[in-house]
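K.L.:
Input: one structure, supplied below.
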Amino acid sequence: MSKRHVSAIVNGDAVEFLTDPGMTLLDALRDELDLTGSKEGCGSGDCGACSVIVDGRLVCSCLMLAAEAQDRRIETIEGMAQGSDLHPLQQKFLEHAALQCGFCTPGILMASKALLDANPDPTETEARYWLAGNLCRCTGYDKIIRAVMDAAAEMRQARVS
Amino acid sequence: MTDVLDRADATPRLKVVGTRPIRPDGADKVTGRAQFGADLTMPGQLVGKILRSPHAHARIVSIDAKKARALPGVKAVVTGADFPNLADEFHEGGEAASNLRDLAMNVMARDKALYDGHAVAAVAAISTAVADEALALIKVVYEVLPHVIEVEAAMASDAPVLHPTMFTEGLDERPALPSNIAKRNRIARGDLDAGFAAADVVIEGRYVTQAVHQGYIEPHACVASWAADGQCNVWSSSQGQFMVRTYCAKVLGLEISNIRVTPAEIGGGFGGKTTVYLEPLALALSRESGHPVKMVMSRDDVFRATGPTSGSVMYVKLGAKKDGTLTAADVELKYQAGAFAGSPVGAGSMTALACYDIANFVITGWDVVSNCPKVAAYRAPGAPIAAFAVESAMDDLARKLDIDPIALREQNGVKNGVKASYGPTFANIGYLETLAAIKTCPQYSMPLGPNQGRGVAAGFWFNVGGESTAAVHINEDGSAVVVTGNPDIGGSRASMAMMAAEVLGVPVEQVRPMVADTASIGFSMLTGGSRTTFATGMAVVQAAEKVVAELRRRAAVIWDVAVDQVVWADGVAVCRDPAKATGKTLTLEGLAGQSGRTGGPISAQVSLNAQGAGPGFGVHVCDVEIDPETGHVTVLRYTAAQDVGKAIHPSYVEGQIQGGVAQGVGWALNEEYIFDREGRMENAGFLDYRVPVASDLPMIDAILVEVANPRHPFGAKGVGEVPIVPPLAAVANAVRSAIGVRMTELPLSPPKIRAALDAKAG
Amino acid sequence: MAHVIAPSDCRQFTGGLSEFDIEADTVRRLVAELDRLYPGLGSWLDRRMAVAIDGEIHQDAWTSPIGPKSEVYFIPKIGGG
């Protein structure tokens, strides 16, 4: 089985890697690029722990082939903070105690970022439906939703001022 | 011992405990840096994979792995023959006793495969693809046997018997024949017949629940390395690194001293990671191959071969006077244990009536094996199942007597001095306070619309203490490190750091908590049983108190005064000796900087066996709306009150309650193991085994009731398990209120609700 | 004398009794005294049971004190999730 060469932009940096034709983007990120922040909870697109943003769209990286990443711009949890400044969502997740075990957190943060990129002023219901593809078994979602709504409000405020 | 913690008036002076600081491991967890079980890679590591039985019950006639071994890239193959046969031995680790022989046979089948997914062989290879190819080359000849899944079917006299050596324990006479009934237990008080004779009304019901999985999002994962000198290293995600060490040693026949287990971050456990599945196999593969071996389960593996908790059939009969006084209760619980004995029916029996003061009752529990995965602990093991039955019956009783459901529970509720149904006399409990919190919460008096209903239910869990070790080290700049042996499953690093900071009198940011490997801290029982903040917290507090005593002694050396002339206040030593300038101070930083000259590093370790964990009670109210077209149940509002003793970090206590509620709502509405006619699990994935998602739930209001536990330095009681006990019945009672029909079989899925509505319409 | 209540399946050792009044000031001494009175009972309880002393649960706790009028209840060991 010959490997395929892939060039992509990951978290703003040009990267290259070799992939088997059947390798998922998730496995490429974790095993080839050492970006283990994206997690595998199911491998079938049901849990969202592997959520990343590809060319502005939220995807389950376990459902995308690594070979399809050619020339794509990929954002993962490792690229969310700007240097040592946490993204407002990351900061609000900490302040609201919106994580317990933390395993689903990278995926939920990426999904939340995709939400706020598309809709800076979501209702609680919109946030709940947007995040319905990301399972969390620890929190009951209460504090996650509060953190997302609070981050959205703060980001809107920052845009105005 | 120290002035900092004057127990009598500790509460008003708390500066850190009860606040909501950012968790110390938070930044790593929101940036993807935290290393979970599958995130570690070792140089030269191989991939380990498991071949699983496709049959629910089969004799393993032969296993031929010659072709697999010959495949290029395959470095090791192990089967049951590679593991020692263990005697029937119970390991009492303070956790639920586990029979080590059963544990070993669950890790790797020997002569029989007992459920679909039971491991029968494992391989290590240079890649996942080669490992998968090797699995396909292993030839297993099975003689398929008749199987049985459902608990009452497994109890029948003509049921296929899983273990020909199993004779029911706990009967008056030893039975003549083996069966699938491992044990009967019975708790009784008073005169049941007299109790029912004195009753004005009697409620009876049969209740059914299905097996459900803990559903942690992180699949089991580990890396194991067996070096040429016999030294073994294991990195794994579990609820207890010492538990992993003990079980690996037993299953493989190793010396404890040759095994070191390092805990990875754990991506949820809920009881399901209180045992081992992969670690002994990874070690055996590493021994044979000479390479480190990494094993990661798929979600399919997790569903088919780990967890779940029992499915059940239960019978409840309650008798009461017209005024609501309970006179008698007859409760029978039949729990699936899975392939080996050991369902949580004992705890189910002990908790079933624990909220009530009843003069006459009999509780009978049956522990029954059948051809499904061996059950693992799941959050308050056994209690939510029993509470579903009893709290549903209590709701029917309240309805029949036309008494408010909270008032009925208050009237019969246990309080201090009352003898618990499981024996001892209650002290320092807060059940009535918790009922009062729900009675007065806004949701309880909110008006309901059409197709809406409201349900109330209560729940109880013991909480446990146990063996823990903690160390506190003062760094040379006056900051502190707190080391424990308990994996942080939901924010316990924060509570450990906060308790230490409180005693030391420093800001919590000055204290770094860490979770150490088995070679770097003394023994600690696993994180479970709601014990960590209570028991390990007690060790942390005592270690910090020893450090404070030492700091006072060092200050006394520097000032050349008697140590009783030095007090510790707000992180500073203060001199009280009038001869040497009263009020002179030394900071922690100052003392730490001079510690070399005053006697060396300042550090203390405490190992203890914490006793007297306070039992916890929860009362929940749930509002639902039914869609009469589809039968879909929407949870509109939910409030959960719980006696938590003292919330160390209130946000994470609320989080425990909200998370327990969410799991309980899933159990009530959606979750169940579904088996096909061959006994294979049909829904082994998150698409078909549906756990609650964000859009399924409303905000969950958590009310923290604080009735202090005098045994804990700050009054804490365990909180993690109680909140999953009431929701099953709270949801079912709300559905009863909405549709006017009592639903007795979980989950309350749309087809069942539709059928109930159709039957009601006639 | 502490009042001691053991589960009913301890009757195999006692010929029917499951409640006792015992002079002992620690769990260890209580278990030893039960073993002296009913050979095998103490170690059977010690291996399998936790003990509630005046309502407070103690597990694996030989040194826990027992008061002269304590109620001592042997109950199954509790695990948890």
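The values are calculated or read from the model by the stated rules, or taken from the named source; none is laboratory data. Not measured: the values here are computed from a predicted model. For neighbour counting, all protein chains shown are included, and Cβ atoms are generated from backbone atoms with ideal geometry for every residue, glycine included. The accessibility values were calculated without ligands, DNA or RNA, using every heavy atom of the protein model including side chains. Shrake-Rupley method; radii C 1.70, N 1.55, O 1.52, S 1.80 Å.
K.L.:
Of the residues B:130, B:208, which is within 14 Å of chain A (Cβ to nearest Cβ), out of contact with any Cys (no Cβ under 6 Å at 6 or more places or on another chain), open to solvent by less than 50 Å² (accessible area, probe 1.4 Å) and β-branched (Val, Ile, Thr)?
P.N.:
Values: B:208 fails: within 14 Å of chain A (Cβ to nearest Cβ).
Residue meeting the stated conditions: B:130.
K.L.:
Mind listing just one residue for me: the one in segment B:670-687 that is closer than 22 Å to residue A:48 by Cα and touching a helix residue (DSSP H, G or I) at 6+ places or on another chain (Cβ under 7 Å) and, of those, nearest to the other protein chains (Cβ to nearest Cβ)?
P.N.:
So, considering only residues that are closer than 22 Å to residue A:48 by Cα and touching a helix residue (DSSP H, G or I) at 6+ places or on another chain (Cβ under 7 Å), the one nearest to the other protein chains (Cβ to nearest Cβ) is B:686.
K.L.:
Looking at the structure I just gave you, is residue C:42 more than 10 Å from chain B (Cβ to nearest Cβ), farther than 19 Å from residue B:609 by Cβ, assigned to a helix (DSSP H, G or I) and in contact with an Asp or Glu (Cβ under 8 Å, 6 or more places away or on another chain)?
P.N.:
Values: more than 10 Å from chain B (Cβ to nearest Cβ): yes; farther than 19 Å from residue B:609 by Cβ: yes; assigned to a helix (DSSP H, G or I): yes; in contact with an Asp or Glu (Cβ under 8 Å, 6 or more places away or on another chain): yes.
In short, yes.
K.L.:
Based on what the data block shows, is residue B:613 modelled with pLDDT under 95 and either surrounded by 21 or more Cβ atoms within 10 Å (Cβ to Cβ) or within 30 Å of residue B:653 (Cα to Cα) (or both)? Please lay out each step first, then the result.
P.N.:
Working: modelled with pLDDT under 95: yes; either surrounded by 21 or more Cβ atoms within 10 Å (Cβ to Cβ) or within 30 Å of residue B:653 (Cα to Cα) (or both): yes.
Answer is yes for this residue.
K.L.:
Kindly evaluate residue B:307 against the criterion of being in contact with a His (Cβ under 7 Å, 6 or more places away or on another chain), of a type in the set (Gly, Ala, Ser) and within 14 Å of chain C (Cβ to nearest Cβ).
P.N.:
Yes, satisfied.
K.L.:
I would also like to ask the following. I'm told residue B:274 meets every condition in (1) within 14 Å of chain C (Cβ to nearest Cβ); (2) in contact with a Lys or Arg (Cβ under 7 Å, 6 or more places away or on another chain); (3) open to solvent by 10 Å² or more (accessible area, probe 1.4 Å) except one. Can you identify the failing condition by its number?
P.N.:
For residue B:274, the exception is condition (2).
K.L.:
Something else now. Can you find a residue in segment B:664-676 that is buried (at least 24 other Cβ atoms within 10 Å of the Cβ) and among the polar types (S, T, N, Q)?
P.N.:
no
K.L.:
Given the conditions (1) basic (Lys, Arg); (2) more than 11 Å from chain A (Cβ to nearest Cβ); (3) over 18 Å from residue B:640 (Cα atoms); (4) within 26 Å of the chain's Cα centre (by Cα), and given that residue B:717 satisfies all but one, which numbered condition is not satisfied?
P.N.:
Here residue B:717 clears every test but (3).
K.L.:
Something else now. Could you grab the pairs with beta carbons closer than 8 Å, sequence gap of 6+ or different chains, first residue in segment A:60-84 and farther than 13 Å from residue A:30 by Cβ, second one basic (Lys, Arg) and in a strand (DSSP E or B)?
P.N.:
What qualifies is A:67/A:4.
K.L.:
Right, something else. For segment B:243-271, how many residues meet the condition of being in contact with a Cys (Cβ under 6 Å, 6 or more places away or on another chain) and either charged (D, E, K, R) or open to solvent by 20 Å² or more (accessible area, probe 1.4 Å) (or both)?
P.N.:
Number of matching residues: 1.
K.L.:
Conditions: (1) farther than 28 Å from residue B:709 by Cβ; (2) of a type outside the set (Asp, Glu); (3) more than 12 Å from chain B (Cβ to nearest Cβ). Residue C:68 meets all but one. Number of the miss?
P.N.:
(1)
K.L.:
With the condition kept exactly as written, say whether any residue in segment B:541-552 is touching a residue at least 12 places away in the same chain (Cβ under 8 Å), in contact with a Phe, Trp or Tyr (Cβ under 7 Å, 6 or more places away or on another chain), open to solvent by 10 Å² or more (accessible area, probe 1.4 Å) and farther than 20 Å from residue B:610 by Cβ.
P.N.:
Here is the first cut: in segment B:541-552, the residues touching a residue at least 12 places away in the same chain (Cβ under 8 Å) are B:541-552.
Now restrict to residues that are in contact with a Phe, Trp or Tyr (Cβ under 7 Å, 6 or more places away or on another chain): B:548, B:551-552.
Right, trim to open to solvent by 10 Å² or more (accessible area, probe 1.4 Å) and you get B:552.
Okay, now just the ones that are also farther than 20 Å from residue B:610 by Cβ, so B:552.
Yes - at least one qualifying residue is present in segment B:541-552.
K.L.:
Look at segment C:1-28 and say how many of its residues are of a type outside the set (Val, Ile, Thr) and either within 14 Å of chain B (Cβ to nearest Cβ) or assigned to a strand (DSSP E or B) (or both).
P.N.:
Selection size over segment C:1-28: 15.
K.L.:
Shifting gears a bit: Specify the residue that is farthest from the other protein chains (Cβ to nearest Cβ); the eligible residues are those in segment B:443-470 that are buried (at least 24 other Cβ atoms within 10 Å of the Cβ) and farther than 21 Å from residue B:405 by Cα.
P.N.:
We begin by selecting, within segment B:443-470, every residue buried (at least 24 other Cβ atoms within 10 Å of the Cβ); these are B:455-466, B:468, B:470.
Subset that is farther than 21 Å from residue B:405 by Cα: B:462-466, B:468, B:470.
Details: B:462: 5, B:463: 7, B:464: 5, B:465: 7, B:466: 6, B:468: 13, B:470: 19 Å.
It comes out as B:470.
K.L.:
Follow-up. Can you pull out the residues in segment B:23-50 that are buried (at least 17 other Cβ atoms within 10 Å of the Cβ) and without any contact (Cβ under 8 Å) to a residue 40 or more places away in the chain?
P.N.:
If we filter segment B:23-50 for residues that are buried (at least 17 other Cβ atoms within 10 Å of the Cβ), which is where we start, we get B:23-27, B:29-32, B:34, B:36-40, B:45-50.
Scanning segment B:23-50 gives B:26, B:27, B:30, B:31, B:32.
K.L.:
Then there is this: Got a sec? Which of B:229, B:193 is part of a loop (DSSP other than H, G, I, E, B) and either within 14 Å of chain C (Cβ to nearest Cβ) or over 28 Å from the mean Cα position of the chain (by Cα) (or both)? Before the answer, list the steps.
P.N.:
Details: B:193 fails: part of a loop (DSSP other than H, G, I, E, B).
Answer to the check: B:229.
K.L.:
Still on this structure, please answer the following. Scan segment B:222-241 residue by residue and report those that are surrounded by fewer than 24 Cβ atoms within 10 Å (Cβ to Cβ), touching a residue at least 60 places away in the same chain (Cβ under 8 Å) and not hydroxyl-bearing (Ser, Thr, Tyr).
P.N.:
Answer for segment B:222-241, where residues must be surrounded by fewer than 24 Cβ atoms within 10 Å (Cβ to Cβ), touching a residue at least 60 places away in the same chain (Cβ under 8 Å) and not hydroxyl-bearing (Ser, Thr, Tyr): just B:228.
K.L.:
Another question, then. Consider residue B:295 carefully, then state whether it is hydrophobic (A, V, I, L, M, F, W, C), buried (at least 24 other Cβ atoms within 10 Å of the Cβ), within 14 Å of chain A (Cβ to nearest Cβ) and assigned to a strand (DSSP E or B). Steps first, please.
P.N.:
Numbers: hydrophobic (A, V, I, L, M, F, W, C): yes; buried (at least 24 other Cβ atoms within 10 Å of the Cβ): yes; within 14 Å of chain A (Cβ to nearest Cβ): yes; assigned to a strand (DSSP E or B): yes.
It is true that residue B:295 is hydrophobic (A, V, I, L, M, F, W, C), buried (at least 24 other Cβ atoms within 10 Å of the Cβ), within 14 Å of chain A (Cβ to nearest Cβ) and assigned to a strand (DSSP E or B).
K.L.:
Failed condition for residue A:69, given (1) within 11 Å of chain B (Cβ to nearest Cβ); (2) more than 17 Å from residue A:108 (Cα to Cα); (3) of a type in the set (Gly, Ala, Ser), with all others met?
P.N.:
With (1) within 11 Å of chain B (Cβ to nearest Cβ); (2) more than 17 Å from residue A:108 (Cα to Cα); (3) of a type in the set (Gly, Ala, Ser) applied to residue A:69, the lone miss is (1).
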